[in-house]
Amino acid sequence: MEERLEINRESLKNKKVLVLGLAMTGMSVVRHLTDLGAFVTVNDIKPLEENKEAQTLIEENVRVIAGSHPVELLEEDFAFMVKNPGIPYSNPMVQAAQAKGLPVYTDIELVGQLTSAEIIGITGSNGKTTTASLTFQILEAATDLPGKNYLAGNIGLAALDVALDAKASDRLVLELSSFQLMGTCSFKPKIAAITNLYPTHLDYHGSIEGYLEAKWQITAQQEASDYLILNADQEVLWDKRHETQAQVIPVSLTGQSREGAWYDRAHQRLMWREEAVVERDQVFIPGDHNVQNALVAMAIAKLLGVSNTAIQAACQSFHGVAHRMQFVLDYQGRRFYNDSKATNNNAAKTALRSFQAPIVWVAGGLDRGLGLEDLKPELGQVKAMVVMGQTADRFAKLAEDMEIPYVHAKNIEEATDLAYAQSQAGDVILLSPACASWDQYLNFEMRGERFVQAAKHLAQSKKDH
């Protein structure tokens with residue numbers, strides 16, 4: 001990474017800054033830097049006539065160059081570039097900037113240098129959103145902590161939108177992607193956590209090693225007074241524990257490391273060292289992967305001095321993040337779960353193995369031509385299926401192969417009704433499609449929200465009768 005450039009609210013006045021790429025993050029960066037007195041130039045690849053964000057900024061007297069990436073723009077005397085995290089480092093503007101020695105940051109570097117609040121940074125391949133959301137809910141339940149808590153980053157609000165308002169007594173819980181972390185050189189959270197690491201985004205990072213190094217930026221600047229919460233069950237992460245100055249706090253689902261947060265499977269409880277903190281049945285989000293997420297959130301809370309009572313209360317009231325194994329409702333003994341974000345086999349397999357109860361599984365969606373054979377070992381708890389979308393016939397064939405009863409549904413509303421009709425008290429009704437939504441819905445959020453509304457409508461209509 002580049003040598004640190006000192007950035008503070010005073011030093012930004014009259015500084016020339018190039019912002020590459022808009023979307024939510026870019027708009028946030030532009031507005032905050034402008035408010036702090038910087039002279040901002042925006043470069044966005046989308047043509048101006050199709051670019052409402054660029055048009056809005058022009059109306060706000062921001063200089064915008066849209067429709068191309070003119071490398072000659074870098075001949076101007078910019079202090080640094082802030083790029084949208086999704087823009088790869090192979091982008092010609094980024095490469096030209098680096099060749100000139102111009103610092104290239106993401107918004108998270110600005111957050112680290114401009115906020116006075118305590119930063120809690122959470123990254124990993126899976127579980128970031130759930131862990132960050134549960135951590136925030138635990139901190140909100142801890143009424144004896146000073147200051148306020150904020151949740152931002154790669155979730156909901158852009159990080160700068162809360163960082164500049166937060167005070168020294170406040171805490172920022174930031175969900176951080178590898179894309180964001182790669183653009184940091186001085187970012188230093190008080191508490192950092194890496195939930196896990198699996199091969200993903202390799203097209204962006206080039207290799208699993210490059211991906212790991214991007215994630216490791218979360219601890220690169222930490223000191224001995226800081227903490228790194230690390231998955232002790234994954235060798236690829238645990239082997240790097242000596243490559244940080246921070247105090248390493250292990251999290252173990254297997255219980256092989258008991259020096260931090262670990263799961264006592266024999267007694268079904270979440271432990272902090274030798275102290276039982278939360279009973280497993282107090283964690284309402286299903287599956288071992290969510291026990292691991294809860295362990296990370298619990299470790300953060302314990303490091304901040306949060307009481308066990310607050311941790312337990314938050315775990316019991318937390319029903320998951322929307323569309324990610326989200327508990328919807330319990331009606332006549334049937335528990336409805338919305339896992340619309342499960343747009344591939346691996347995600348659906350995780351959901352299917354998360355329950356002990358019989359499952360009525362709602363599956364299907366966009367047909368990408370992928371096989372379904374690897375789903376078969378996970379169908380032991382599935383008592384019936386509702387199949388829908390372009391892949392309905394392929395899921396029907398899967399059901400026939402496994403001798404599972406099934407029905408076809410035209411849409412998510414009909415699927416919800418049919419799933420209920422095939423269920424009985426004690427069953428789980430699970431939307432975990434293993435497919436993208438675009439054959440019928442704009443995105444997985446719309447599909448999931450329609451399922452949630454259909455389940456609530458079903459419960460209300462039967463109650464009315």
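The values are calculated or read from the model by the stated rules, or taken from the named source; none is laboratory data. Being a predicted model, the structure only gives us computed values, none of them experimental. Heads up, the Cβs are rebuilt from the backbone with ideal geometry, glycines too, and the neighbour counts pull from every protein chain shown. Ligands, DNA and RNA are stripped out before the accessible areas are found, and what is left, the full protein with its side chains, is counted by its heavy atoms. Shrake-Rupley method; radii C 1.70, N 1.55, O 1.52, S 1.80 Å.
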Q) Of the conditions (1) open to solvent by 20 Å² or more (accessible area, probe 1.4 Å); (2) under 18 Å from V104 (Cα atoms), G21 fails just one. Which one is it? A) (1)
Q: Name the one entry in Q256, Q316, Q245 that is without any contact (Cβ under 8 Å) to a residue 40 or more places away in the chain, open to solvent by 50 Å² or more (accessible area, probe 1.4 Å), more than 24 Å from A384 (Cβ to Cβ) and outside any loop (DSSP other than H, G, I, E, B).
A: Q316
Q: Report, by residue number, each residue of region 221-234 that is open to solvent by 10 Å² or more (accessible area, probe 1.4 Å) and either over 16 Å from G124 (Cβ atoms) or of a type in the set (D, E, K, R) (or both).
A: Q221, E223, A224, S225, D233
Q.
Of all residues being open to solvent by less than 20 Å² (accessible area, probe 1.4 Å) and over 32 Å from the mean Cα position of the chain (by Cα) in region 52-97, which is nearest to K16 (Cα to Cα)? Just the residue, please.
A. F78
(Q) Condition first: surrounded by fewer than 20 Cβ atoms within 10 Å (Cβ to Cβ) and in a helix (DSSP H, G or I). Can you find one or more residues in region 377-389 that meet it? (A) yes
Q. Just one of K349, K341 is closer than 24 Å to L134 by Cβ, charged (D, E, K, R), assigned to a loop (DSSP other than H, G, I, E, B) and open to solvent by 10 Å² or more (accessible area, probe 1.4 Å); which is it?
A. K341
Q | Residue in region 117-124 that is surrounded by fewer than 19 Cβ atoms within 10 Å (Cβ to Cβ) and either modelled with pLDDT under 95 or assigned to a loop (DSSP other than H, G, I, E, B) (or both) present | A | no
Q) Does any residue in region 371-399 that is within 18 Å of A357 (Cα to Cα) and of a type in the set (D, E, K, R) come within less than 8 Å, Cβ to Cβ, of a residue that is open to solvent by 10 Å² or more (accessible area, probe 1.4 Å) and assigned to a helix (DSSP H, G or I) six or more places away or on a different chain, and which pairs are these? A) K376/D401; E378/K349
Q: May I ask you to say which residue of K148, K100 is over 21 Å from the mean Cα position of the chain (by Cα), open to solvent by 10 Å² or more (accessible area, probe 1.4 Å), in the same structural domain as I229 (by the TED database) and free of Cβ contacts under 8 Å to residues at least 60 places away in the same chain?
A: K148
Q: Test A192 against the stated conditions and say whether it is modelled with pLDDT of 95 or more, surrounded by fewer than 22 Cβ atoms within 10 Å (Cβ to Cβ) and of a type in the set (A, V, I, L, M, F, W, C).
A: no
Q. So which of A434, A399, A415 ends up being in a helix (DSSP H, G or I) and buried (at least 24 other Cβ atoms within 10 Å of the Cβ)?
A. A415
(Q) Quick check on Q268: is it farther than 30 Å from M182 by Cα, open to solvent by 10 Å² or more (accessible area, probe 1.4 Å) and at pLDDT below 95? (A) no
(Q) If D288 meets every condition in (1) assigned by the TED database to the domain that holds K456; (2) within 23 Å of the chain's Cα centre (by Cα) apart from one, which number is that one? (A) (1)
